[in-house]
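Quick notes on the structure that follows.
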Amino acid sequence: MDYAKLKKNLFISLVIGIIVFAGLSIYSDANSLIDVFVGFDYRYLPFILILAPLNYLFRFVKWSYYLHLIDAKVDRKESFYIFISGLCMTVTPGKVGEFFKSYLLKERAGIPVSSTAPLVMGERLTDGISMLILASLGTIAFNYGKAALVMVLLGMVVFVAIVQSPSLVHKLLWRLEQIPFLTRFGKGMENFYDKTYIIFQLKPLLFAIGIGTVSWFFEGLVIYLTVKAMGIELSLLASVFVVSFSTIVGAVSMMPGGLFAAEGSIVGLLVMMDLPKDVAVATTIITRFSTLWLGVGIGLLGLVKIGLMRKKVILEK
C-alpha cells in the first residue's frame, strides 16, 4: 500500500476543492455570499451535519451484509474502521480508490482482493441505481435530465444481466485466460466473478438498492434543510432530485469526488429552480462540505485507527 501516493492524491484533491470553492465565491460575489452566511439559521447546522454520517451507517450495513454473503470472517470493529477508511477515497476519480478497502481486508484479514473487490463494485453500482431511483422521482416534477438518467440506468441493467449469465461470462473468462499475460490471473478472475455473481442475485440486489435509497435520501435532506435555514422554501422532492442528479453527474465525470461537475450541477439546478445565485452557491458549499469533505475527514480518522492497530500488532510480535 503506497501511503505516500495516497497523501499526494488527497492533497491534489484538496487543492482542487479549494479552487472550486474559490470559483463559486467569485461567481456569486463574495459580499453577497457573506451576507447569506450571516443570515443563516445555525440551529439547523447540527441536523445538516449528522445526515451524511447517517448515510455512512446505512452503507456500512450493506457492506457487512456483503461480507456475510461471501462468508468473509472479519472482526466487526475492524470491518467498520476499514469501511470508513474508504471514505477518504471518495476524492479519487470515479471513486476507484475505494478498492483500497479490498487491500486493507487482505492485509488485516488475509482475504484475497479478488474476493472483496466485487463488494466495492457492488456498492458503487447499487448506490448508483438507488440515486437513479431518487433522481427519477424528481424528473416527474421537473422534466430535466430524463435522457441521461435512462442511458445510465440502461448501462447498469445491461451489466447486471451479463453478470447473471454464467455461461456467457465463463466463456469470456476462458478466452481471456488464453491470452499469455492473463493466464496467471485466471483463478483470480474466476473468483472475482463468482463473488460478483453472488452479490448480484435478486435478493441481495434488492436489499442493497433498498438500503442505498434510504441512505442517499438523507443527503437529499441536506439541501432541503440548508435552504430552509436560509429562509427559503424548496420542496423535499426538488432537494432529493438535485443531490441525486448532481452526484450521478459527478460520478460519470470521473473527476476526483465529482469536483467541478457536482458543484456546477447543484448550482445550475438550484438557479433553474429560481433560487438566488448567492443562496444557490451557499447551499452548494454547505452541501458539498457535509456530503463530501466531512466524509473524507471521517475516512482519514479511520485510516489513522487502522495504522495504530497495525503498529500494535507489530509491537506484540
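The values are calculated or read from the model by the stated rules, or taken from the named source; none is laboratory data. Computed from a predicted model, the values in this text were never measured in an experiment. Note that we place each Cβ from the backbone using ideal geometry, even for glycine, and neighbour counts take in every protein chain shown. Ligands, DNA and RNA are stripped out before the accessible areas are found, and what is left, the full protein with its side chains, is counted by its heavy atoms. Shrake-Rupley method; radii C 1.70, N 1.55, O 1.52, S 1.80 Å.
Overview of results
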| item | result |
| --- | --- |
| Residue list for the stretch 201-245, filter: hydroxyl-bearing (Ser, Thr, Tyr) and in contact with a helix residue (DSSP H, G or I) (Cβ under 6 Å, 6 or more places away or on another chain) | Thr213, Ser215, Tyr224, Thr226, Ser239, Ser244 |
| Qualifying residue in the stretch 148-160 (condition: open to solvent by 60 Å² or more (accessible area, probe 1.4 Å), part of a loop (DSSP other than H, G, I, E, B) and modelled with pLDDT under 85) | no |
| Given (1) of a type in the set (D, E, K, R); (2) in a helix (DSSP H, G or I); (3) at pLDDT below 90, number of the condition Lys228 does not satisfy | (3) |
| Evaluation of Thr183 against (1) surrounded by 22 or more Cβ atoms within 10 Å (Cβ to Cβ); (2) touching an Asp or Glu at 6+ places or on another chain (Cβ under 7 Å); (3) more than 30 Å from Val281 (Cβ to Cβ) (one fails), failing number | (1) |
| Close pairs from the stretch 197-209: first part of a helix (DSSP H, G or I) and modelled with pLDDT of 85 or more, partner of a type outside the set (A, V, I, L, M, F, W, C) and open to solvent by 20 Å² or more (accessible area, probe 1.4 Å), Cβ under 8 Å, at least 6 apart | Tyr197/Gln164; Tyr197/Pro166; Pro204/Tyr65; Phe207/Tyr65; Ala208/Tyr65 |
| Pairs, first within 14 Å of Leu87 (Cα to Cα) in the stretch 284-298, second polar (S, T, N, Q), C-beta under 7 Å, six or more apart | Leu292/Thr90; Gly295/Thr90; Val296/Thr90 |
| Test for Gly258: is it surrounded by fewer than 21 Cβ atoms within 10 Å (Cβ to Cβ) and either more than 28 Å from Val15 (Cβ to Cβ) or without any contact (Cβ under 8 Å) to a residue 60 or more places away in the chain (or both) | no |
| Residue match in the stretch 231-239 (condition: crowded, with 24+ Cβ neighbours inside 10 Å, within 20 Å of Phe58 (Cβ to Cβ) and over 14 Å from the mean Cα position of the chain (by Cα)) | yes |
| Among residues of the stretch 90-113, those that are at pLDDT below 85, open to solvent by 10 Å² or more (accessible area, probe 1.4 Å) and in contact with a helix residue (DSSP H, G or I) (Cβ under 7 Å, 6 or more places away or on another chain), counted | 8 |
| Test: Ile223 is β-branched (Val, Ile, Thr) and more than 14 Å from Ile129 (Cα to Cα) | yes |
| Residue, nearest to Ser102 (Cα to Cα), within the stretch 174-195, restricted to residues that are hydrophobic (A, V, I, L, M, F, W, C) and at pLDDT 75 or above | Phe192 |
| Residue that is most open to solvent (accessible area, probe 1.4 Å), among those in the stretch 70-79 that are without any contact (Cβ under 8 Å) to a residue 40 or more places away in the chain and farther than 22 Å from Asn191 by Cα | Arg76 |
| Pick from the stretch 298-309, criterion open to solvent by less than 60 Å² (accessible area, probe 1.4 Å) and modelled with pLDDT under 90, ranking: farthest from Phe40 (Cα to Cα) | Met309 |
| Residue identified as in contact with a Gly (Cβ under 9 Å, 6 or more places away or on another chain), polar (S, T, N, Q) and either open to solvent by 50 Å² or more (accessible area, probe 1.4 Å) or part of a helix (DSSP H, G or I) (or both) among Ser85, Ser64 | Ser85 |
